[in-house]
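Trainee: Below you will find the structure I want to go over with you.
The values are calculated or read from the model by the stated rules, or taken from the named source; none is laboratory data. Bear in mind the structure is a predicted one, so any value in this text is a computation, not a measurement. Positions of Cβ are backbone-derived with ideal geometry, glycine not excepted, and every protein chain shown enters the neighbour counts.
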Amino acid sequence: MTVTVRWAPSPTGRIHPGNARPALLNWYFARRHGGRYILRMDDTDQARSTREFADGIEEDLAWLGIEPDQLVRQSERTALYDAARDRLIADGRLYPCYETEEELDRKRARARLLGKPPIYDRAALNLSDADRARLESEGRRPHWRFKLDGRPVQFDDLIKGPQTVNTSSMSDPVLIREDGTYLYTLPSVVDDIDLGITHVIRGEDHTSNTGTQIEIFEALGGTVPTFAHHNLLLDGNGEPFSKRAGSQSIAGFRDLGYEPMAVAIMSSLTGTSLPVEPYETLDEIALKLDFSAISHSSARFDTAELDSLNARILHSLPYEAVRDRLSALGLEGEALWLLLRENLARFGDITEWSKLVTGPVTPVIADEDRDFLSLAKALLPPEPWDDTTWSHWTEALKSSTGRKGRALFMPLRLAITGRHDGPELKSLLPLVGRKACLDRLP
Ligand code: GLU
């Protein structure tokens, strides 16, 4: 049986690292097992889902490096859900209820007063045909509840180990709203059956849903998939990420110039025993990440760690990996990249750093160094220049002025680059060239 997984976001906003986590964990699992990966848009909530958000999710997923084998939209699969609905009704597992929200609130409050759990009392099961006809003639429309078996539902979670969800402590879940639209619970099961999903990998906030959904799988005669519930990824404050927080969205990180690999690694490996460090490809992570490496407690996304990982990734990227991105910025040359990459926090910083080579540079020249720098100008070696030029030049200056160490190097650096820090002068000099050096020295 081919391993088949799905990542099932609701297109009600742009995705964030908390969503990218199951997107990636499903991807790793599929890659590791030579399986299929389905992107399923959970867009049955027509009021909150938009095509724009769905397109954004596809874009973000591609940016992270994931190419789904198949895309399905729940909004296009209503006929399947209707068939499942009819079957559950015929089998007495789905029943119409007419209580309003206020009535349900009152029932819950009463149960609490009596010290009972606020579970739906199934009063609607006692309605006669005449009762229902009367309620409907008053203009009430039913919502539909799934009649739970009310038993300990057991499953072996690939991450959390053996689990028991006791559905007798749960209200019969509403599967269909008053307006006839489906909540998430039923379509998800119908699709998992129809698409042959073998493994459901999702956040641990869904663990109790799994109890309900296993009962629905069984009621529909479907094969129950294997479940894996991963720890949740929270933001730096320990709060769930919000779909409204734009700068913390995957697109937001992209717009800030982070490497997709850095965002992918942070989103998936934080809260696992695998180190958060540069990996070349997602496949490399897929091979290394076993579910036993995933921690059982929630994890926090630390932007300082993202910054440092992003820099480490840039500092080791080979020229071939960035050639096109450099030429889009009007830059080229392996020597330039190898010289400047170690200074980058974000890729876009290279535009500023490349000015050390291409100019303009505003030389910084202290009065007391002016004579020294004029002499340095006179002693500039003839071209061609290579990475021995710097030592020839500074040796000559040292023997004619007696300056050494910082007093020798810093005035040269300040004049040639206009700054105190930056790339090695030995490698920078041949890229700057003799003519530009002459211009920068007084
Ligand atoms: N749309 C659901 C969510 O985003 C999917 C959960 C699942 O994977 O079943 O939480």
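Trainee: Any residue that is in a helix (DSSP H, G or I), within 14 Å of the ligand (Cβ to nearest atom) and closer than 22 Å to residue 250 by Cα - is there at least one of those in region 2-14?
Mentor: No, every residue in region 2-14 fails to be in a helix (DSSP H, G or I), within 14 Å of the ligand (Cβ to nearest atom) and closer than 22 Å to residue 250 by Cα.
Trainee: What is the number of the single condition among (1) closer than 17 Å to residue 212 by Cα; (2) out of contact with any helix residue (DSSP H, G or I) (no Cβ under 8 Å at 6 or more places or on another chain); (3) not β-branched (Val, Ile, Thr) that residue 106 does not meet?
Mentor: (1)
Trainee: Right, here's the next one. Would you pick out the residues in region 370-391 that are charged (D, E, K, R) and either under 47 Å from the mean Cα position of the chain (by Cα) or surrounded by 12 or more Cβ atoms within 10 Å (Cβ to Cβ) (or both)?
Mentor: Within region 370-391, 370, 377, 386, 387 meet the criteria.
Trainee: Let me ask something additional. Given (1) within 27 Å of residue 314 (Cα to Cα); (2) exposed (fewer than 13 other Cβ atoms within 10 Å of the Cβ), identify the lone condition not met by residue 367.
Mentor: (1)
Trainee: Further question: When the residues of region 34-60 are filtered to those that are among the charged types (D, E, K, R), within 12 Å of the ligand (Cβ to nearest atom) and at pLDDT 95 or above, which remaining residue is nearest to residue 263 (Cα to Cα)?
Mentor: Among residues in region 34-60 that are among the charged types (D, E, K, R), within 12 Å of the ligand (Cβ to nearest atom) and at pLDDT 95 or above, the one nearest to residue 263 (Cα to Cα) is 40.
Trainee: Another question, then. If you take the residues in region 227-271 that are of a type in the set (Lys, Arg) and out of contact with any His (no Cβ under 7 Å at 6 or more places or on another chain), which one is surrounded by the fewest Cβ atoms within 10 Å (Cβ to Cβ)?
Mentor: 244
Trainee: Can you tell me which residue among 185, 181, 167, 198 is more than 22 Å from the chain's Cα centre (by Cα), of a type in the set (Ser, Thr, Tyr), within 16 Å of the ligand (Cβ to nearest atom) and over 23 Å from residue 25 (Cα atoms)?
Mentor: None of the other options fit; the residue is 181.
Trainee: A follow-up question, please. Report the residue count in region 201-227 for those that are closer than 16 Å to residue 81 by Cα and within 11 Å of the ligand (Cβ to nearest atom).
Mentor: Counting residues in region 201-227 that are closer than 16 Å to residue 81 by Cα and within 11 Å of the ligand (Cβ to nearest atom) gives 1.
Trainee: How many residues are within 14 Å of the ligand (Cβ to nearest atom), more than 18 Å from residue 298 (Cα to Cα) and not in a helix (DSSP H, G or I) when one looks only at region 15-33?
Mentor: 1
Here's the yes/no breakdown for (1) surrounded by fewer than 20 Cβ atoms within 10 Å (Cβ to Cβ); (2) of a type in the set (Phe, Trp, Tyr); (3) not in a helix (DSSP H, G or I):
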residue: 37; (1), (2), (3): no, yes, yes
residue: 40; (1), (2), (3): no, no, yes
residue: 45; (1), (2), (3): yes, no, yes
residue: 57; (1), (2), (3): no, no, no
residue: 95; (1), (2), (3): yes, yes, yes
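Trainee: Quickly run through region 411-438 and pick out the residues that are more than 42 Å from the chain's Cα centre (by Cα) and exposed (fewer than 15 other Cβ atoms within 10 Å of the Cβ).
Mentor: Within region 411-438, 433, 435, 438 qualify.
Trainee: Among the residues of region 158-214, count how many are under 16 Å from residue 144 (Cα atoms), free of Cβ contacts under 8 Å to residues at least 40 places away in the same chain and surrounded by fewer than 18 Cβ atoms within 10 Å (Cβ to Cβ).
Mentor: So the count comes out to 5.
Trainee: Hey, does region 65-74 have a residue that's within 13 Å of the ligand (Cβ to nearest atom), among the aliphatic types (A, V, I, L, M) and at pLDDT 95 or above?
Mentor: Yes: one or more hits.
Trainee: Follow-up question, since we're still on this one. So, in region 411-442, how many residues would count as being in a helix (DSSP H, G or I) and under 17 Å from residue 379 (Cα atoms)?
Mentor: Count: 18.
Trainee: Looking for whichever is in contact with a Gly (Cβ under 8 Å, 6 or more places away or on another chain) and at positive phi here; the options are 180, 257, 221. Which one fits?
Mentor: 257
Trainee: Considering region 304-319 alone, what residues qualify as being out of contact with any helix residue (DSSP H, G or I) (no Cβ under 7 Å at 6 or more places or on another chain) and crowded, with 17+ Cβ neighbours inside 10 Å?
Mentor: Across region 304-319, the qualifying residue is only 311.
Trainee: Could you tell me whether any residue of region 239-250 is over 25 Å from the mean Cα position of the chain (by Cα), more than 12 Å from the ligand (Cβ to nearest atom) and over 21 Å from residue 41 (Cβ atoms)?
Mentor: No: zero hits.
Trainee: Which of (1) crowded, with 16+ Cβ neighbours inside 10 Å; (2) in contact with a strand residue (DSSP E or B) (Cβ under 7 Å, 6 or more places away or on another chain); (3) polar (S, T, N, Q) does residue 2 not meet, given it meets every other one?
Mentor: (1)
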